[in-house]
1. Sort 40-49, 100-109 by packing, meaning the average of other beta carbons within 10 Å per residue, with the highest value first.
2. With label points built 7 Å along Cα→Cβ from the Cα atoms of residue 138 and residue 71, find their separation and express it in nm.
3. Amide H to amide H under 5 Å from residue 202: which residues, 5+ apart in sequence or cross-chain, H placed 1.01 Å off N in plane?
4. Suppose each label sits 7 Å from its Cα in the direction of the beta carbon; what would the residue 224-residue 180 distance come out to in nanometres?
5. How large is the charge dipole for segment 34-241, taken about the Cα centre, if only the Cβ atoms of Lys, Arg (+1) and Asp, Glu (-1) carry charge, to the nearest 20 debye?
6. In what sequence, highest mean first, do 112-120, 52-60 appear when ranked by Cβ atoms within 10 angstrom?
7. When ranked by the protection proxy of mean other Cβ atoms within 10 Å per residue, highest first, what sequence do the peptides 231-241, 189-199 form?
8. I'd like the Karplus ³J(HN,Hα) series for segment 224-239: coefficients 6.51, -1.76, 1.60, θ = phi - 60°, whole numbers in Hz, and an x wherever there's a Gly or Pro.
Amino acid sequence: MIQPTRAQMAQLALLAAALASATGAGAAPPRRPEWGAIVRRVSGAGRAVALTFDDGPREPYTSQILDILADQGIKATFFLVGENVRRYPEVVRRIVREGHAIGNHSWSHRSLASVSWEVARREIERTDVLIRAVTGRRPFLFRPPYGALGSQLAGPDGLAARERHLLVLWSVEVADWSTRSPLRVAAGTIRRVSPGSIVLLHDGGGPRGHVVTATRWMAGHLAREGYRLVTVPELLGIASARR
């Protein structure tokens with residue numbers, strides 16, 4: 001288990017204070033979901049925050065993150081790439097078995113904003129079918145690769161609505177794909193988080209050891225600050241229950 005030293009913890013605090021905050025706008029969907037609605041953060045959820053992990057599963061990183069979540073008693077949401085579900089079905093089953101939420105992140109992680117309607121539909125449906133075959137559950141959350149929506153995904157007549165998905169984006173991102181510093185990932189996340197945030201992290205798409213370490217550090221820090229780390233469906237449910 002990797003633990004930060006005192007010097008690293010001091011650096012973490014300095015980085016968190018130095019990095020500029022950047023939270024996106026967004027609202028929770030109504031009690032009965034409007035399929036195709038876009039969710040970036042959830043207002044009215046109190047001090048609840050959703051950690052989300054994209055592009056997996058990829059080993060050993062996904063399993064290491066699951067170990068951390070289990071150790072700390074928290075839940076997260078994993079947006080799965082179909083090709084990786086096919087490669088690591090047992091890891092996907094573990095995600096579900098341990099109470100985490102799952103979402104569709106397309107089959108091949110190509111931008112769906114620049115392909116035909118039919119190609120985009122196949123990317124979504126093929127992943128839905130495989131996830132259901134592996135887990136027994138069809139995901140109702142969808143996150144477009146790169147956050148690229150395009151005109152064919154969103155709205156009441158878009159693909160997400162037709163496929164009965166909510167479009168889940170994010171309000172906190174620290175570009176963990178462009179750095180290998182766990183301190184920078186953890187500090188950037190801590191600095192930007194606010195009640196109702198949806199945090200974008202990556203357990204796949206490349207080497208993610210720094211994300212594993214950052215997850216341990218920032219999850220513990222946020223918990224000490226009184227935040228509850230929950231799944232995206234739980235975040236939506238908390239907001240709905242308070243209305």
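1. Per-residue mean Cβ counts within 10 Å order the peptides as 100-109, 40-49.
2. Those two pseudo-labels are separated by 3.8 nm.
3. 54
4. 2.8
5. With only Lys, Arg, Asp and Glu charged at Cβ, the dipole is about 200 debye.
6. 52-60, 112-120
7. Most protected by this proxy first, the peptides run 189-199, 231-241.
8. Calculated HN-Hα couplings, in order: 5, 7, x, 7, 9, 9, 10, 7, 4, x, 5, 4, 5, x, 4, 5 Hz.
Only the coordinates and a few stated rules stand behind these numbers; no lab work does. Owing to the predicted nature of the structure, the values given are computational and were not obtained by experimental measurement. Cβ coordinates were reconstructed from backbone atoms using ideal geometry, including for glycine residues, and neighbour counts include every protein chain displayed.
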